[in-house]
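Report on the following structure.
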Amino acid sequence: MPQHPAKVLALGFAAAIAIGTGLLMLPVSVADPAAGLPTWEEALFTATSAVCVTGLIVVDTPVYWSGFGEAVIAVLIQIGGLGIMTAASLLAILMARRLGLRSRLVASASVRAVGIGDVRSVVLGVAKMSIAIEGLVALILVTRFLVTYEMNGPAAVWKGVFTAISAFNNAGFALDSDSLMGYATDPWVLIPVACAVIIGGLGFPVLFELRKHIRVPEQWSMHTKLVILGSVALLVLGTITLTALEWDNPDTLGAHEVGGKLLLGFFSAVMTRTAGFNAIDTGAMSTQALFTQDLLMFIGGGPAGTAGGVKVTTFLVLFFIIVTELRGETAVNIFGRRLSRAVHREAITVALLAVAVVVLGTWILLIATSFSLDQILFEVVSAFGTVGLSTGITADLPTGAHLLLVAIMFVGRLGPITIGSALALRTRKLMFELPKERPIVG
């Protein structure tokens, strides 16, 4: 077994994808086995999208997959959302009632706990919080489906539970062929889903801290303040921008009343925080709106949660670094605290690696396909940010493009830093420092 926790995490996610691929290729997983079994490409893409909580699909989920196949997808989403090593640690706790040092280190890398001694309580807290939030959202949705849409009991329960799991884990898989477009004017469906997405996207460290000190913002850590500030700002700006850009578009918001437009604008902004549900036709949105969503998807949500992207903390750290440089100051100060220089390097590395993945993936797909730049860029950013929104071209891409998106989803879920660490053969520590020299920059 590899010693580095990042390697274990990467192998754990790969193993979950492999098992999910195998299960989805079984005859029992498809709704109509007589029409043919899924290809390895379809099964691999779906399993990767589920484990990486993305939501991109190459086959219609409610039509193609059977109840068993949908259950496999739901389990893969839950595993991917909690983190494969967190799930393994939970099993270890339940079976052995204790964790070894290596297991604690691995779990700490998965949930980014502050200390090794806190991992057991953090892992259990993650599981309890996930179940509680998913259960509450599922209860609201099931009630709505039963009362308003007159679904039969089992169908309403399954759709509510599946949607709640997919929403809290920011996956975006839906049991309707048009995602949530059929509920475009129903706040009792869209708002609970949006709330689950927001809560899951904040990250478990923030949720734990808010649970303890929600009424005392002065005691919040810099991390929590950055995530809350960034999330609120991006949601407000995203809602205003997308609503304004699509206000008169007859194929998206233009066909609705003012209240419906505001609801759908807010929902669309929330979904770009790496969820992937859509209540309007994404492919019919303007180029300006698509690019706005590209930016929001690339930033993503909070660290150590179910969201993807470079993370809102990375974005804000880079913002404050730029402000500090423009002011000519020597230290980056945020909320009355000095930012560690190691965080400077981490933020810059994450951002540049993410840009490299998106640019390279876009360039390759532009060469391999005939789709436009805005469509390809949207697809790649959606895959990297583990969002799942699409302009509708995913199923029409060739096999090579699907495999590339699989790789991008995998990198996007684990993070460029984790992937880089997992691939590194060993860490190298120099016992000396070289003389300084300063090149001309800019």
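For Ser166, the requirement of being of a type in the set (S, T, N, Q) and open to solvent by less than 30 Å² (accessible area, probe 1.4 Å) is met. Every residue in the range 144-159 that is open to solvent by 60 Å² or more (accessible area, probe 1.4 Å) and in contact (Cβ under 8 Å) with a residue 12 or more places away in the chain, please. Once the filter is applied, which keeps residues that are open to solvent by 60 Å² or more (accessible area, probe 1.4 Å) and in contact (Cβ under 8 Å) with a residue 12 or more places away in the chain, the range 144-159 yields Arg144, Thr148, Val157, Trp158.
Can you tell me which residues in the range 211-233 are assigned to a helix (DSSP H, G or I) and open to solvent by 70 Å² or more (accessible area, probe 1.4 Å)? Answer for the range 211-233, where residues must be assigned to a helix (DSSP H, G or I) and open to solvent by 70 Å² or more (accessible area, probe 1.4 Å): Arg211, Lys212, Glu218, Gln219, Leu229, Val232.
Filter the range 234-258 for residues that are part of a helix (DSSP H, G or I) and either open to solvent by 80 Å² or more (accessible area, probe 1.4 Å) or within 12 Å of Gly301 (Cα to Cα) (or both) and give the result. Of everything in the range 234-258, those that are part of a helix (DSSP H, G or I) and either open to solvent by 80 Å² or more (accessible area, probe 1.4 Å) or within 12 Å of Gly301 (Cα to Cα) (or both) turn out to be Leu234, Leu235, Leu237, Ile240, Val258. The residues in the range 272-293 that are closer than 20 Å to Leu414 by Cα and either open to solvent by less than 10 Å² (accessible area, probe 1.4 Å) or polar (S, T, N, Q) (or both) can be counted, and the count is 4.
Within the range 169-210, being open to solvent by 20 Å² or more (accessible area, probe 1.4 Å), among the aliphatic types (A, V, I, L, M) and more than 21 Å from Pro303 (Cα to Cα) holds for Leu175, Met181, Ile191.
For the range 328-384, the candidate set comprises residues that are charged (D, E, K, R), at pLDDT 85 or above and assigned to a helix (DSSP H, G or I); within that set, the residue that is surrounded by the fewest Cβ atoms within 10 Å (Cβ to Cβ) is Asp374. The condition (being out of contact with any Lys or Arg (no Cβ under 9 Å at 6 or more places or on another chain), at pLDDT below 95, open to solvent by less than 70 Å² (accessible area, probe 1.4 Å) and assigned to a loop (DSSP other than H, G, I, E, B)) is satisfied by just one residue among Gly442, Gly388: Gly388. Using the structure shown, decide if Gly308 is free of Cβ contacts under 8 Å to residues at least 12 places away in the same chain and among the small types (Gly, Ala, Ser). In short, no. Scanning the range 105-129 for residues that are under 21 Å from the mean Cα position of the chain (by Cα) and either modelled with pLDDT of 90 or more or of a type in the set (Lys, Arg) (or both) turns up Arg112, Lys128.
Rundown of residues vs (1) aliphatic (A, V, I, L, M); (2) within 29 Å of Ala395 (Cα to Cα), yes/no style:
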site	(1), (2)
Gly135	no, no
Thr148	no, no
Met151	yes, no
Thr185	no, yes
His213	no, no
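Conditions tested, residue by residue: (1) more than 18 Å from the chain's Cα centre (by Cα); (2) at negative phi; (3) modelled with pLDDT of 90 or more; (4) β-branched (Val, Ile, Thr).
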site	(1), (2), (3), (4)
Val216	yes, yes, no, yes
Pro250	yes, yes, yes, no
Ala269	no, yes, yes, no
Met297	no, yes, yes, no
Ala304	no, no, no, no
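The values are calculated or read from the model by the stated rules, or taken from the named source; none is laboratory data. Values in this document were obtained by computation on a predicted structure and should not be read as measured data. All Cβ positions, even for glycine, are placed from backbone atoms using ideal geometry, and neighbour counts span all protein chains on display. Remember, those area values only see protein heavy atoms, side chains included, never the ligands or the DNA or RNA. Shrake-Rupley method; radii C 1.70, N 1.55, O 1.52, S 1.80 Å.
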